[in-house]
Amino acid sequence: MVGNRFFTAGVATLCILLMSTSVVLVELFILRETEHREAIVRAGLLDTGALIAQDIQKDIASCIFVTETLHVLLKTTGYNITDFDGWGRQLAASRCTVQLAPKGIVSYIYPLKGNEAAMGHDLLKDKRRNDGAIKAIQSKKLTFVGPLKLIQNGKYAVIARQPIFKSTEQGEEFWGFSIAILLVDDILSDWLQDIERQGVLVKIEGSDPDAAAPPTFFVSSGWDAAESASTVSMPIIVPNGEWILKLKRTPHSYPYYNFFRIAIFLLALIVSIYIFFQQRQLRARQLEIVNLNKRLLELSMTDELTGVGNRRACMQILEFQIEQAQRYGQKLTVAMVDLDFFKKINDDHGHLVGDQLLQHVASAFVAFARKSDFIFRLGGDEFLLLFPQAGLEDGLKAIRKFVSHLAKTPCTFDTSALYAELSIGVAEYERGEGVKSLLQRADQKLYKAKETGRGCIKC
């Protein structure tokens, strides 16, 4: 009885210990997984914020370009504004409303339609909005303000003001402002709403010297003052300060991983190990088959005696080269080569010497030809030479050099030497013809070479 009690207590203790260990492991796993998910969310928000910031800065750069371009146009024309509408049309692709304000008074607007109320607005005397204009004159630098409500249409926009100073005999004199206005609706691209649909909340704060608090460009519904752990904040640099972009995820509950998920993980691990070893064996067999097929393909395309391409390789490569010549208008020349009196050589010296002579001819061409040229043994003592991107004259020139080389380089066997004599028929590819036609013409030229006494080239 005492033994049973101790056994029961021991088993119970072991079970409790096992359950406790499992609970601790599960809780540690959940904690780590939650931190990992938060890190992923934060990284994703940073990437998303970078895209939004890049898009906004592109629009800012566009406005800056407009103001600077207006400044350059004014200087080049001697501050002649008669062609302002033409300038505005050229700059309309930037999506900005273009203004010129001589002495701080808005006097030129493109496009004027819908912006008439801004005409004559004195930027320096408007007590509610003149801080930014005065600071721009004092600093002699471009200022970027907004978002603020436009007096002409009540829409919210950001404004780039470039102070322009005209050189006179007395020094620099303030001429006015070149201005680019970009509506907030144009800055906030359509994909910002897509981001919200994916559960990302966005808030963008701008800067305005005339405002007591930083104005807000955009704020997602559901945004609250309490920032979550995954909230990211990043600056968007503008000419006279910075805007703040804030992003965070909508609250999301993570699944609770319990004991059964750990069991599934262990099962998956076992299955993965099994699959790994099975796949490794399968991969080894596949590589063996690939290498074997590669070797078989090489054997099927190579003449065993000479090591050059055989008839099958010749037909495939010639067909490809004809397609290239047809498509790109390239030249192509082929030559049918036959060893003269080869049967007599075999009869007089034996087939081993004949084989040596064939090898000698093939290796001589390979060593002498361009890398782009080909030689194929069609069978017996017949070869085909292929000269891609070479016309008849270039092909003949190469063939004559090859023949001359053979005439000076005998094939030696035992204590004797044997010179290879060749009859050659040459044909240049004619646009539109196929493999059969081209080979027939080369073969006819070869036949003429044999008829006229052998040892010559006919084309």
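Cβ separations smaller than 7 Å between residues 6+ apart or across chains give no pair from region 426-442 residues that are among the polar types (S, T, N, Q) to residues that are surrounded by fewer than 16 Cβ atoms within 10 Å (Cβ to Cβ) and assigned to a loop (DSSP other than H, G, I, E, B).
Where helices (runs of 4 or more DSSP H) sit wholly within region 328-427, those with at least 1 residues that are open to solvent by 10 Å² or more (accessible area, probe 1.4 Å) and in contact with a Gly (Cβ under 6 Å, 6 or more places away or on another chain) occupy 342-349. Applying the set (1) under 20 Å from Ile52 (Cα atoms); (2) modelled with pLDDT of 80 or more to Ser178 leaves exactly one unmet item: (1).
The listed residues are Gly176, Gly171, and the only one of them that is without any contact (Cβ under 8 Å) to a residue 24 or more places away in the chain, out of contact with any His (no Cβ under 6 Å at 6 or more places or on another chain) and either closer than 18 Å to Ile60 by Cβ or not aliphatic (A, V, I, L, M) (or both) turns out to be Gly171.
The single residue among Lys401, Lys408 that is more than 24 Å from Glu323 (Cβ to Cβ) and free of Cβ contacts under 8 Å to residues at least 12 places away in the same chain turns out to be Lys408.
Residues in region 428-459 that are open to solvent by less than 20 Å² (accessible area, probe 1.4 Å) and either under 20 Å from Val361 (Cα atoms) or not aliphatic (A, V, I, L, M) (or both): 3 in all. How many residues does region 45-75 contain that are under 16 Å from Gly176 (Cα atoms) and hydroxyl-bearing (Ser, Thr, Tyr)? Residues flagged as under 16 Å from Gly176 (Cα atoms) and hydroxyl-bearing (Ser, Thr, Tyr) within region 45-75 amount to 2. Residues considered: Glu319, Glu323, Glu304. Of these, the only one that is open to solvent by 20 Å² or more (accessible area, probe 1.4 Å), assigned to a helix (DSSP H, G or I) and free of Cβ contacts under 8 Å to residues at least 12 places away in the same chain is Glu323. For region 184-203, a tally of residues being open to solvent by less than 40 Å² (accessible area, probe 1.4 Å) and at pLDDT 80 or above returns 3.
The values are calculated or read from the model by the stated rules, or taken from the named source; none is laboratory data. Values in this document were obtained by computation on a predicted structure and should not be read as measured data. Because the Cβ atoms are built from the backbone with ideal geometry, glycine has one as well, and the counts that use them run over all protein chains shown. To get the accessible areas, we keep the full protein, side chains included, count just its heavy atoms, and leave off ligands, DNA and RNA. Shrake-Rupley method; radii C 1.70, N 1.55, O 1.52, S 1.80 Å.
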